[in-house]
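Data first, discussion second: the structure below is written as structure tokens.
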Amino acid sequence: MASGAGGFAAAASLAGAKVEPFFLKGSGCAPSFVGQGLIARNRRRSFERGSASFRCEIGSDLSVESATAELGGNSRASSLSALEMLKSSAADRYTKERSSIAVVGLSVHTAPVEMREKLAIPEAEWPRAIGELCGLNHIEEAAVLSTCNRMEIYVVALSWHRGIREVTEWMSKKSGIPVSELREHLFLLRDKDATQHVFEVSAGLDSLVLGEGQILAQVKQVVKVGEGVVGFGRNISGLFKHAITVGKRVRSETNIASGAVSVSSAAVELALMKLPKMDPPLARMLVIGAGKMGKLVIKHLASKGCTQVVVVNRSESRVDAIREELKDIEIIYKPFTEMLACTAEADVVFTSTASETPLFLKEHVEALPHVRQEVGGLRLFVDISVPRNVESCVSEVDSARVYNVDNLKEVVEANKEDRIRKAMEAQSIIMEESREFEAWRDSLETVPTIKNLRAFAERIRLSELEKCCQKIGGEEMPKKTRKAVDDLSRGIVNKLLHGPMQHLRCDGSDGRTLDETLENMHALNRMFSLETDKSVLEKKVKAKVDKTQK
């Protein structure tokens with residue numbers, strides 16, 4: 001337990017640094033961290049991200065056991081006294097800790113597709129995942145962003161290091177991957193860095209293909225699916241809605257989307273790179289799945305001069321819709337029952353379905369006839385699905401070559417310098433929007449005090465109003481007179497509260513800092529004996545623990 005507590009104390013100090021990737025093999029359940037290959041062992045360590053330098057404060061938060069050991073030389077009474085003080089201090093720090101927005105996840109940049117597919121959560125299961133996450137003791141809100149390139153869990157944690165431990169264990173249980181193995185690929189970001197990350201994701205800066213538009217649609221889907229789901233709360237909902245605004249603004253105010261390609265178009269480029277040079281392409285193309293990605297594959301095949309493509313899908317209606325939109329290419333529909341027969345006649349097979357089990361096994365591909373020599377003699381499988389549609393051991397078949405989303409890096413590395421320049425154009429917008437979102441979230445900090453102060457004043461008003469009415473005439477008092485007295489009392493209370501309420505605002509509309517606002521909030525809590533942040537947090541955690549024990 002001592003090493004576990006120390007690890008989480010270190011984790012709690014990493015609020016200001018974007019650490020990628022970060023979970024290392026550690027003892028117990030405590031996450032250790034690494035930034036750009038540097039392990040955070042020292043009390044102060046600098047991490048580099050791009051051209052910016054971030055400082056990380058690593059606190060020396062001792063566990064109860066280690067404190068007891070240090071106090072061993074003193075008397076038993078003084079040891080117990082110091083131990084009680086340490087327990088009280090640790091509990092006070094925990095209960096006063098502000099709830100944090102955090103993201104735990106992995107992406108194409110940190111984990112191979114073999115791991116990402118085990119963690120992938122289908123869109124239909126996002127609401128259930130949110131419910132399970134919010135059922136954890138220290139998680140208040142949650143959202144899931146699961147695509148072919150990433151699987152990220154966004155949470156509002158009542159205690160961020162305890163919450164992150166619970167989320168990590170949940171991910172391990174769901175995927176069957178041991179926590180120790182997950183830590184090697186996961187990344188963790190907190191508060192401002194979590195905000196900046198989701199803004200970069202929405203803007204297409206964190207995509208394998210810079211500026212690709214599909215990720216913005218996927219971020220929008222998070223909000224659409226989350227609406228009405230218990231646990232997709234004000235903070236997380238506000239974060240993703242702001243991320244959508246950022247994604248739109250970056251694309252409209254910069255040229256990041258000019259010439260941008262998607263995962264689907266990169267898949268087409270990769271296939272053409274592996275085929276003999278022919279204009280127009282003579283290879284017979286097969287697309288399995290007519291969803292958004294499949295449609296984009298067909299669109300980019302048409303742009304490259306392909307005149308015919310066979311599409312295998314469960315229903316013909318989607319294929320008909322694509323056929324209506326794309327007039328420059330002949331689209332032939334086939335049902336899933338004819339998938340293997342169509343594959344036998346194809347030179348290149350693109351797969352993009354939501355199937356959670358492979359569509360192509362090794363024995364399927366071994367039984368297929370050989371491909372014509374004029375198109376290379378090898379059948380190409382370009383699998384852009386996560387989980388994968390083509391079993392990994394298909395690559396062992398001599399007559400086939402298998403490529404997945406991780407292989408697309410070969411395509412996008414070609415314009416790396418241009419990618420960096422475009423990303424820099426968007427960063428100023430992201431930083432501006434991050435500050436705006438943080439100001440909005442800071443303004444929420446004083447909401448409980450505002451509500452409690454108003455409730456406190458209203459209780460006094462009603463009590464004094466009743467006394468006044470009894471003295472004046474009781475039940476025989478005319479309604480008009482009672483309303484006049486009621487309005488008078490309301491007016492007095494509102495005018496008295498106006499000043500304190502103004503000093504509880506921290507929305508960027510004036511020069512007041514967050515520290516000043518929080519100082520005012522704590523002063524009002526003390527003066528009027530209002531319910532403090534500590535008691536609110538204690539109630540939230542206790543309610544969750546009680547719920548899980550029922």
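With 30 Å as the limit on Cα-Cα distance, the pairs of Lys327/Lys422; Lys277/Lys327; Lys173/Lys220; Lys173/Lys295; Lys118/Lys220; Lys192/Lys295 that go past it are Lys327/Lys422; Lys173/Lys295; Lys192/Lys295. Using all pairs of distinct alpha-carbon atoms, the Kirkwood hydrodynamic radius of segment 343-394 works out to 11.5 angstrom. Here the scattering of segment 314-450 is modelled by Debye summation over its C-alpha atoms, one equal scatterer each and no solvent; at q = 0.13, 0.14 Å⁻¹ the log10 of I(q)/I(0) is -0.78, -0.84. Scalar couplings 3J(HN,Hα) for segment 306-317, obtained by applying the Karplus form with A = 6.51, B = -1.76, C = 1.60 to θ = phi - 60°, are 5, 9, 8, 8, 9, 10, 9, 8, 5, 10, 7, 4 Hz; x denotes Gly and Pro. Near Asn313, once Lys and Arg are set to +1 and Asp and Glu to -1 for all other residues with Cβ below 14 Å from its Cβ, the sum equals +3. Extension gain for Lys173 to Glu227 (0.36 nm times residue separation, less C-alpha to C-alpha distance): 16.8 nm.
The residues of segment 210-312 expose, per residue, 40 Å² of accessible area to a 1.4 Å probe. Rounded to the nearest whole Hz, the Karplus-based 3J(HN,Hα) values (6.51 cos²θ - 1.76 cosθ + 1.60, θ = phi - 60°) of segment 263-269 follow the sequence 4, 5, 5, 5, 5, 5, 4, with x at glycine and proline. Any idea how far apart Val485 and Ser252 come out in nm if each label point goes 7 Å out from Cα toward Cβ? Calculated label separation equals 5.6 nm. With the alpha-carbon atoms of segment 157-291 aligned to their principal axes, the span from lowest to highest coordinate is 60, 40, 27 Å, starting with the largest. Proximity of backbone amide H atoms, modeled 1.01 Å from N, is registered between Leu188 and Val19, Phe22 at under 5 Å, excluding neighbours fewer than 5 places apart on the same chain. Assuming 1.306 mPa s and 10 °C, estimate D for segment 261-343 with Stokes-Einstein, Rh taken as the Kirkwood radius over Cα pairs, in µm²/s. After rounding, the answer is 123 µm²/s. Residues whose amide H falls under 5 Å from that of Ile384, counting only those 5 or more places apart or on a different chain, are Thr351, with hydrogens built in the peptide plane.
The values are calculated or read from the model by the stated rules, or taken from the named source; none is laboratory data. Source: prediction; values computed, not measured. Glycine also receives a Cβ, built like all others from the backbone with ideal geometry; neighbour counts cover every protein chain displayed. Ligands, DNA and RNA are excluded from the accessible area calculation, which covers all protein heavy atoms including side chains. Shrake-Rupley method; radii C 1.70, N 1.55, O 1.52, S 1.80 Å.
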